[in-house]
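Please read the structure below before turning to the comments.
Since every read-out is calculated from the coordinates, none of them should be taken as a lab result. Please read all numbers here as calculations on a predicted model, not as lab measurements. Neighbour counts run over all protein chains shown; Cβ positions are idealised from the backbone, glycine included.
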Amino acid sequence: METASYDVVVVGLGAVGSATLYQLSKRGISALGIDQFEPPHTLGSSHGETRITRLAVGEGEEYVALAKRSHEIWSELEVLSVKKIRTKTGGILLDSGVNPWSKHGVEGFWERTLRYAQNQQVSHRVLDLVEATENYPAFQLPPSAKVYWEEEAGYLFPELAIETQLDLAKKQGTAIWTSSKVKSIQSEGAQFRIQVEDKEILAKQVVLTAGGWVKDFLPMPSKKRLSICRQVLYWLAIDEGVTDWQRYPVWMWGYGAAPEDFIYGFPSLDGKTIKMASESFVEVEHPDQLNREVTEEEQELFWKTKVEGKLKGVKKQILKTSVCFYTLTEDARFLIEEMEGNPNFLWVSACSGHGFKHSAALGEDLVKRLGY
Ligand SMILES: Cc1cc2nc3c(=O)[nH]c(=O)nc-3n(C[C@H](O)[C@H](O)[C@H](O)COP(=O)(O)OP(=O)(O)OC[C@H]3O[C@@H](n4cnc5c(N)ncnc54)[C@H](O)[C@@H]3O)c2cc1C
């Protein structure tokens, strides 16, 4: 069997892997990217038309710099590809004031967001209820509501971002194997032997960006630290003439005390629908066990608990759904670790449901960690 040899192999070409491969290609490193499917695809955590990006990330102040740097990289990618990856719409974070509202594992998400914006020079405002209701009448807010607005927030096209980074990497001569599942990775002296279907590769360094499937490779107790949680995206029909959804910012709204008491959404891209979702923390063992069907009952429940009485300007008509999943750590932090203490083998968790906006800079960070 012929054994190919590379300096770096990136396993998994979703948000983080495609960014890592692009950064390696920019530096002229001999690299190979491998994915079990044909990225961008709809089976991992990086599909579904749009992802929110915002700078004052309440999940952790240390992530603000990553989000800011990612915006610079998206702009660079837009120039190189002549494609629009990021759209700035502004963004609002609504908190109904039912305490304690936590999100992504942290208490006081709204207050943290505001504090990080102040600390990190993120352009923002706090709106009073009168102004918020005037500007955004679609949200049926209680008198206790708090409203944070951020200028640079907006949305990304995730599939396009992945495709663009892979295309650019390919153009620089970086090798990409798709529909190729990595079966095993073993250290062999100063290198790693990677088994892919019926082929073998030798690599000096490995980055494992396999999303939720990273669990297939992790030993205990790391494996136990990651939870796979199914999420559903919904496209609802617009009730014409009620809300001008096309001019809306991206939005997030914590309306109750539990982490699930949360909805978020996007401006309408087509003038006919808006995409919105909630969050679920029901765990499945593995991404391959995910139920991809969204039943009528589930849709009905979504309408009743997440939309009715909260939003004006949408019809009780769900036109499309898509199933995706989060890979969560308990405190919503990203895990970037050496595998078994070897600095040449990094693994990355799929970023706890808030990683897309950071992925471009995370790819750059990983490449720096490898010494490039
Ligand atoms: C519904 C939903 C909404 C979200 N909203 C936001 C948002 O608004 N803003 C935000 O910033 N983030 C958001 N996120 C989080 C963000 O999308 C994820 O953190 C990010 O996309 C994860 O990317 P990844 O590269 O780690 O994983 P993935 O994109 O899943 O990529 C992993 C890749 O590894 C491949 N792979 C796995 N195993 C193997 C193997 N053995 N061999 C070869 N290839 C393999 C897979 O095929 C896959 O392509 C959301 C996530 C979801 C699910």
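Observations on the model:
- Trypsin sites (Lys or Arg not before Pro) within the stretch 138-230: DSSP coil, no more than 16 neighbouring Cβ in 10 Å: Lys181
- Residues whose amide H comes within less than 5 Å of that of Gln231, counting only those at least five positions distant or on another chain, are Cys324, Phe325, Tyr326 (H built at 1.01 Å from N in the peptide plane).
- Between the amide H of Phe262 and those of Tyr255, Glu279, distances stay under 5 Å, these residues lying 5 or more places away or on another chain, with hydrogens modeled in the peptide plane.
- Cα-based helix-to-principal-axis angle, 356-369 vs the chain, degrees rounded to 10: 30 degrees
- Phi-based couplings in Hz for the stretch 45-57 (Karplus 6.51, -1.76, 1.60; Gly and Pro marked x): 10, 10, 10, x, 6, 9, 9, 6, 10, 8, 9, 7, 8
- Computed from backbone phi with θ = phi - 60° and the Karplus coefficients 6.51, -1.76 and 1.60, the 3J(HN,Hα) list for the stretch 15-23 is 4, 6, x, 5, 5, 5, 5, 4, 5 Hz; x is used for glycine and proline.
- Only beta bridges with both residues in the chain are counted; by DSSP, about 70 percent of them are antiparallel.
- Selected from Gly265, Gly189, Gly33 as most flexible by GNM, with the chain as the system and alpha-carbon contacts under 10 Å: Gly189
- When the chain is treated as a GNM with alpha-carbon contacts under 10 Å, the residue of Ser352, Ser227, Ser184 showing the greatest mean-square fluctuation is Ser184.
- Remark: the stretch 328-333, residue by residue, has Karplus-estimated 3J(HN,Hα) of 9, 9, 4, 9, 6, 7 Hz, where x stands for each Gly or Pro and the curve is 6.51 cos²θ - 1.76 cosθ + 1.60 at θ = phi - 60°.
- Annotation: amide H of Thr243 has no partner in the under-5 Å range at sequence separation 5 or more or interchain, hydrogens built in the peptide plane.
- 27 Å Cα-Cα reach of Lys215 towards lysines, excluding residues that sit fewer than 8 places from it in its own chain: Lys103, Lys181, Lys183, Lys199, Lys204, Lys223, Lys224, Lys357, Lys368
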